[in-house]
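Chemist: My structure is below; once you've seen it, I'll send some questions.
The values are calculated or read from the model by the stated rules, or taken from the named source; none is laboratory data. Because the structure is predicted, anything quoted here is derived from the model rather than measured. Neighbour counts are summed over all protein chains in view; Cβ atoms, including those assigned to glycine, are modelled from backbone coordinates with ideal geometry. Please note that ligands, DNA and RNA were not included when accessible areas were found on the heavy atoms of the full protein model with its side chains. Shrake-Rupley method; radii C 1.70, N 1.55, O 1.52, S 1.80 Å.
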Number of protein chains: 2
Amino acid sequence: MPDKITGLYFELFNEIGIIGQLSRAMFEARLPEGLVLPHFSVLNHLVRVSDGRTPLELATAFQQPKTSMTHTLAGLERHGFVRMVPNPKDKRSKLVFITDAGCQFREEAIAALAPDVAKLADLVPSEHVAGLLPGLRELREELDRMRD
Amino acid sequence: MPDKITGLYFELFNEIGIIGQLSRAMFEARLPEGLVLPHFSVLNHLVRVSDGRTPLELATAFQQPKTSMTHTLAGLERHGFVRMVPNPKDKRSKLVFITDAGCQFREEAIAALAPDVAKLADLVPSEHVAGLLPGLRELREELDRMRD
DNA sequence: TTGATATGGTTCGATGTCGTACTAATATGA
DNA sequence: TCATATTAGTACGACATCGAACCATATCAA
């Protein structure tokens with residue numbers, strides 16, 4: 001493997017790391033004190049993908065350790081944004097449901113984020129983003145597969 | 001701004017966040033105990049871009065708060081991988097130089113990482129990566145510009 | 001020159017992240 | 001059936017990250 005090629009992958013991950021960091025900071029600047037990006041992401045997932053998932057399903061959806069998801073869900077529950085009920089199919093497990101307050105918070109957060117997204121969309125057209133997404137998905141899927 | 005477009009940017013940052021997380025975990029699994037990705041990244045930067053930078057220059061190069069860079073450099077210095085000398089041009093400041101041990105560590109780390117990179121390169125061809133990079137750089141630059 | 005302001009760097013404290021170890025419940029297989 | 005292995009979730013501890021406050025030096029303006 002020539003250095004040049006290796007450097008390509010290093011640079012890729014470097015750029016991605018920085019973008020992740022900057023975008024996260026941008027998002028969190030619009031969220032109320034005590035709530036961070038994962039809180040929003042989980043609520044978003046519950047609305048857009050499916051409500052009533054188990055903590056573990058959520059953790060794997062975001063490729064996070066389950067212990068991180070426990071922490072995130074505790075925060076959401078403390079704010080009354082999700083409700084956790086025992087899983088009737090498996091007594092070890094729980095199901096996570098978004099509450100009305102959670103839905104409302106998510107909508108407010110999206111509204112608060114909208115100006116930033118609009119500004120960014122002005123600078124980086126959505127066609128460019130759409131062009132990047134397939135390659136990023138491919139990369140994510142392969143990285144995920146490599147873990148096992 | 002239609003929901004569909006907004007969702008595109010959300011998904012973009014979600015993918016990027018996950019890739020950053022997975023790639024970081026993959027890298028750190030190959031680094032010795034107590035050393036983490038930023039340690040490697042800084043050494044790499046000193047070799048590939050330029051040695052003898054100030055901590056602040058390094059922080060801005062990685063878009064990190066300077067306080068995080070202080071922490072990273074302290075770890076590198078503790079391991080003897082960098083040497084920090086007073087900046088003759090500015091008595092407030094320091095210059096960071098990589099040591100021989102630091103160079104050696106960097107090379108060993110690259111060697112340790114090589115199999116993973118090779119495996120990934122097998123699954124995600126370098127042309128795909130090269131295709132992604134310009135778009136990612138554009139995104140990073142605009143996000144950076146938006147901060148001020 | 002000198003007072004005000006800005007900049008480089010660190011310390012400190014708060015918090016997010018995640019690995020380890022544990023408990024409870026379920027699946028497996030002899 | 002019953003012992004064993006897996007799985008869902010949590011508690012805890014270690015540590016990376018980062019904002020606020022701080023000190024020393026440098027820059028700027030009057």
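Chemist: For the range B:35-66, give me each residue that is over 24 Å from B:Leu139 (Cα atoms) and within 13 Å of DNA strand C (Cβ to nearest atom).
Modeler: B:Val36, B:Gly52, B:Arg53, B:Thr54, B:Pro55
Chemist: Looking at (1) surrounded by 14 or more Cβ atoms within 10 Å (Cβ to Cβ); (2) within 13 Å of DNA strand C (Cβ to nearest atom), which is the one condition that is false for A:Arg106?
Modeler: Unmet condition: (2).
Chemist: Would you say A:Thr72 is within 14 Å of the chain's Cα centre (by Cα) and among the polar types (S, T, N, Q)? Explain how you work it out, then say what you get.
Modeler: Details: within 14 Å of the chain's Cα centre (by Cα): yes; among the polar types (S, T, N, Q): yes.
Taking the combined requirement at face value, the residue satisfies it.
Chemist: Residues being within 18 Å of A:Val47 (Cα to Cα) and either more than 7 Å from every other protein chain (Cβ to nearest Cβ) or open to solvent by 50 Å² or more (accessible area, probe 1.4 Å) (or both): count how many of those fall in the range B:11-33.
Modeler: Here the count works out to 2.
Chemist: Quick check: anything in the range B:26-34 free of Cβ contacts under 8 Å to residues at least 40 places away in the same chain, over 26 Å from A:Arg147 (Cβ atoms), more than 12 Å from DNA strand C (Cβ to nearest atom) and assigned to a loop (DSSP other than H, G, I, E, B)?
Modeler: So far as the range B:26-34 goes, no, none of its residues is free of Cβ contacts under 8 Å to residues at least 40 places away in the same chain, over 26 Å from A:Arg147 (Cβ atoms), more than 12 Å from DNA strand C (Cβ to nearest atom) and assigned to a loop (DSSP other than H, G, I, E, B).
Chemist: Answer with yes or no whether A:Met84 is near DNA strand D (Cβ under 9 Å from one of its atoms), within 14 Å of another protein chain (Cβ to nearest Cβ), out of contact with any Cys (no Cβ under 7 Å at 6 or more places or on another chain) and of a type outside the set (D, E, K, R). Walk me through how you get there before you give the answer.
Modeler: Working: near DNA strand D (Cβ under 9 Å from one of its atoms): yes; within 14 Å of another protein chain (Cβ to nearest Cβ): no; out of contact with any Cys (no Cβ under 7 Å at 6 or more places or on another chain): yes; of a type outside the set (D, E, K, R): yes.
No, not satisfied.
Chemist: Any residue at all in the range B:97-119 that is in contact with a Cys (Cβ under 9 Å, 6 or more places away or on another chain) and within 16 Å of DNA strand D (Cβ to nearest atom)?
Modeler: no
Chemist: Restricting attention to the range B:34-55, does a residue exist that is in contact with a Phe, Trp or Tyr (Cβ under 7 Å, 6 or more places away or on another chain) and surrounded by fewer than 17 Cβ atoms within 10 Å (Cβ to Cβ)?
Modeler: yes
Chemist: Right, something else. Just a yes or no: is a residue in the range B:113-129 within 15 Å of DNA strand C (Cβ to nearest atom), within 14 Å of chain A (Cβ to nearest Cβ), open to solvent by less than 30 Å² (accessible area, probe 1.4 Å) and closer than 30 Å to B:Leu143 by Cβ?
Modeler: Within the range B:113-129, not a single residue is within 15 Å of DNA strand C (Cβ to nearest atom), within 14 Å of chain A (Cβ to nearest Cβ), open to solvent by less than 30 Å² (accessible area, probe 1.4 Å) and closer than 30 Å to B:Leu143 by Cβ.
Chemist: Would you check if there is a residue in the range A:52-74 being assigned to a helix (DSSP H, G or I) and away from DNA strand D (no atom under 12 Å from the Cβ)?
Modeler: There is no residue in the range A:52-74 that is assigned to a helix (DSSP H, G or I) and away from DNA strand D (no atom under 12 Å from the Cβ).
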